[in-house]
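Before any comments, here is the structure.
Read the figures in this text as sums done on the coordinates, not as results from a lab. This one's a predicted model, so the numbers in the text were calculated from it and none came from an experiment. Here the Cβ is made from the backbone with ideal geometry for all residues, glycine too, and neighbour counts use every protein chain on show.
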């Protein structure tokens, strides 16, 4: 059983962070799903579990920090998608989640 409901959406966001070697990355993409505890997004970047990613909607000023928990493998239906959990739970999109 899931900890919270999930909301399927398509919100344009900018993601940013730092590769393990210290180089910064930045990509304009979109969220696919959001919940009280995490999110799933589409990306062209080879993000790996454990990496931290800042997510900021392209409209608005708030952002949130997430930790990658899984990355879809090439050749699967989830290729190019990553699942993330909040580093610190916040409602940076202002969504009222169903119970």
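How long is the gain from residue 78 to residue 33 if the chain were fully straight, where each residue apart is worth 0.36 nm and the alpha carbon distance is subtracted?
Full extension from residue 78 to residue 33 adds 14.9 nm.
Compare 65, 31, 44 in a GNM of the chain, Cα atoms joined below 10 Å, and give the one with the largest fluctuation.
Largest GNM mean-square fluctuation: 44.
Packing-wise, with mean Cβ within 10 Å as the measure, how do 68-77, 84-93 rank, highest first?
The packing order, highest mean first, is 84-93, 68-77.
Over the chain, what relative contact order in percent results from Cα pairs under 8 Å that are six or more residues apart?
Relative CO of the chain lands at 26 percent.
Relative contact order, percent, of the range 50-99 when contacts are C-alpha pairs under 8 Å separated by at least 6 residues?
After rounding, I find 30 percent.
Consider the candidate values (i) 30, 12, 9; (ii) 20, 16, 13; (iii) 32, 22, 10; state which one is semi-axes √(5λ) of the Cα gyration tensor in Å computed from the structure displayed.
Given (i) 30, 12, 9; (ii) 20, 16, 13; (iii) 32, 22, 10, the calculated one carries the label (ii).
Using alpha carbons only, how many angstrom separate the centre of the range 47-73 from the centre of the range 19-39?
If you average the Cα positions of each part, the centres end up 2 Å apart.
Given R₀ = 30 Å, FRET efficiency for residue 5-residue 58 by Cβ-Cβ distance, to 0.05?
The computed FRET efficiency comes out at 0.75.
Could you calculate the FRET efficiency of residue 25 with residue 88 from 1/(1 + (r/R0)^6), where r is the beta carbon distance between them and R0 is 22 Å, rounded to 0.05?
Efficiency, from the Cβ-Cβ distance: 0.55.
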